[in-house]
Amino acid sequence: MTDALDSITILVVDDERDIREGSARILSKMGCEVRTADRGETGLELLEEKPAALVLLDMKMPGMDGMEVLKLVRQNYPDTLVVVITGFATVETAIEAMKAGAYDFIPKPFEPDQLRIVVNRAWEKIRLSAEAERLAAERQRTLADLGTQKSRIHTILASLPSGTAVTDTNGQVVLMNPAFKRQLAIAADAALGKPIGEYISDQGLNDLIMDISRGRHIDYDDIPVYEFSMENNQYFMAAGRPVLGENNACLGAVISITDISTMKSLDQLKSEFVAKVSHELRSPLSTIHEQLAVVINGIVEVAPESDQQILSRAKEKTFGLISLISDLLDLSRIEEGAICRDIRSIPVVDLLTNIVDFLKARSDKKNQTLALEIDSKDIPEITADAIALESVFGNLITNAINYTPDGGSITVKVDMAGINIRVQVIDNGFGIEAKHLENIFDRFYRVKNEKTRFITGTGLGLPIVRELVSSMGGMVDVESTPGNGSTFTVLLPTTGQ
Ligand code: ADP
């Protein structure tokens, strides 16, 4: 069958020259490519050289007659249409030819218009067949593509090293890959379709998946990752995303689980290492620090001022190192859970009064006012570790003193916010630019600018504060305006009585 349907190839087989040449002229004008043959045998040879979409075939010719040629064409070129030219306009010949597979007939003699009509009809049939064939091939291809895509996705999911599961809006599982089942100790042949809670035992993970499935996290940015552990010291991290359909409608959740056991044990090794090294360094450094103090005191009278300065600088540096080591040790202890062990009932106001009194010496040195304001008479005691609380407020108030210029003021304000005790450390110091605010609670993060350049610190104070406050079930936040000062707010839960 010809594909180029703007033009088709037509073979005219007729022993009458007038018919051959007349038809060739008309058909060429219609845009067809025309070849002619004066005998059936020649016609078949031409077809063998190059197939035609349509054959106009005279029924009565010398030599091989039309019916015989028709049968051979049908047999050898089933896609080629044959329109027979019947010299004797008898219905029988036409019917006989149609039975033998002719598509149409045209009685001889015919007018050019008659020929055009018959050929156009055949051409339309050829066009439709070509179109149907194209569509069938396309359908076949699409089906084949779909089939391979489906099995490809299935194969990829099955071979993913991280556990993957998909749930619908009710949290019912529609897909789980083998890694997911392995990681969460779900039977390999577990059937799909039940709520996620029936497959997993971790309540936090269940809650996260249910929340995402029900469309509570359409905004990707606020989806928390969730860490959990299984037996045999295996740690996993689960991250989920909603599956969004048209108009951002939530269709369910997709969850991916990564094994973080190695990372966890490395983390633990790192903490142990830091703790060990810090511990080993602390006593020799303290000794050096003390001895430097003795030497400096001893040479005040005799040594030149430049030597005294060198030694004072060395003393400052050793003090900086001792602070760093203490902070590192504190962090390790918090991570171990060792720092909040001595839990008892603490009167927060008394504790704050003591810290403020203790730090007053420092603020006085800078001519700063340091005041404690208690807004409510009914501040209850809280159940916590006193050393941890001292560390939280000691760090915040020391920072306020350090990052406020001489003559500034610092207020520690205590009141109740619902069932939480709210402690605010307010200063009118340098303040912190917005771009640094989200980082200052990161380990070793220090803001370096003209104002803070000469202030020594470790960048570990605020991380310690955050870890401790969150281990007490509270939270810490900061608001700050550069040039105007900062307010650090700590909320600590009470039992509500
Ligand atoms: P550091 O040992 O440097 O004080 P922190 O973790 O306590 O470490 O604080 C991190 C950084 O946050 C500080 O280096 C400082 O730039 C900034 N910062 C903390 N408290 C204040 C404050 N009250 N006013 C201005 N900047 C502060």
If packing is taken as the average count of other Cβ atoms within 10 Å, what order do 135-145, 176-186 fall into, highest mean first?
176-186, 135-145
In the range 9-133, lysine pairs closer than 24 Å at Cα, eight or more apart or cross-chain:
15
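Which value in deg cm²/dmol, rounded to the nearest 500, describes the helix-derived mean residue ellipticity at 222 nm for the chain, given -39,500 (n - 2.57) per DSSP H run of n ≥ 4 and division by the residue count?
-15500 deg cm²/dmol
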Can you tell me the accessible area per residue over the range 1-136, all protein chains present, probe 1.4 angstrom, in square angstrom?
53
Burial ranking of peptide ranges 355-367, 428-440 (average Cβ count within 10 Å, highest at the top):
428-440, 355-367
Cross-link candidates for LYS448: which aspartates and glutamates have Cα within less than 14 Å, leaving aside residues fewer than 8 places away along the same chain?
GLU433
Please give the helix 203-213 orientation as an angle from the longest Cα principal axis of the chain, in degrees from 0 to 90, rounded to the nearest 10.
40
Computed over the range 264-336, Kirkwood Rh from alpha-carbon pairs, angstrom
13.8
Could you give the length gained by full extension between GLU438 and SER28, i.e. 0.36 nm per residue of separation minus their alpha carbon distance, to one decimal place?
139.5 nm
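Charges at C-beta only: +1 for Lys and Arg, -1 for Asp and Glu. How large is the resulting dipole of the chain about its Cα centre, in Debye rounded to 20?
Computed about the Cα centre, the dipole is about 500 debye.
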Per-residue accessible area for SER286 at 1.4 Å probe radius, Å² rounded to 10?
30
State the antiparallel share, in %, of DSSP beta bridges confined to the chain, rounding to the nearest 5.
65
Using a 1.4 Å probe, what is the accessible area per residue for the range 264-336, in Å²?
69
The base-10 log of I(q)/I(0) that the Debye equation returns for the range 343-493 at q = 0.10 Å⁻¹, one scatterer per C-alpha, is -0.32
Restricting to lysines and to Cα separations under 24 Å from LYS194, and discarding same-chain partners fewer than 8 apart, the set is LYS150, LYS181
Using the Kirkwood formula on the Cα atoms of the range 9-133, what hydrodynamic radius do you get, in angstrom to one decimal?
14.2
Just the C-alpha atoms of the range 206-280: what Rg/Rh do they give, with Rh taken as the Kirkwood radius?
1.21
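Can you tell me the FRET efficiency between GLU138 and ASN232 if r is taken as the Cβ-Cβ distance and R0 is 56 Å, rounded to the nearest 0.05?
Details: r = 54 Å, r/R0 = 0.96.
Working from the Cβ atoms, E equals 0.55.
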Cross-link partners among aspartates and glutamates for LYS377, C-alpha distance below 19 Å, same-chain residues fewer than 8 apart left out?
ASP350, ASP415
So how tilted is helix 40-49 from the main axis of the chain? Cα-based, degrees 0 to 90, rounded to 10.
20
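More than 32 Å apart: what percent of Cα pairs in the chain qualify?
67
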Please give the peptides 222-231, 474-483, 398-407 ranked by average Cβ packing (other Cβ atoms within 10 Å per residue), highest first, as a rough proxy for protection.
398-407, 474-483, 222-231
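Based on the Cβ-Cβ distance of ILE296 and THR452, what FRET efficiency does E = 1/(1 + (r/R0)^6) give at R0 = 25 Å, to the nearest 0.05?
About 0.40, to the nearest 0.05.
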For the pair LEU72 and ASP145, how long in nm is the line joining their label points, each one 7 Å along Cα→Cβ?
4.4
Measure nothing fancy, just the Cα-based angle from helix 261-299's long axis to the longest principal axis of the chain, in degrees from 0 to 90, nearest 10.
30
If you count only protein heavy atoms and use a 1.4 Å probe, how large is the accessible surface of ASP65, to the nearest 10 Å²?
60
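The values are calculated or read from the model by the stated rules, or taken from the named source; none is laboratory data. Everything quoted here is computed from the prediction, not taken from an experiment. Note: ideal-geometry Cβ built from the backbone for every residue, glycine included; neighbour counts use all protein chains shown. Protein only, heavy atoms only, side chains kept; ligands, DNA and RNA dropped before computing areas. Shrake-Rupley method; radii C 1.70, N 1.55, O 1.52, S 1.80 Å.
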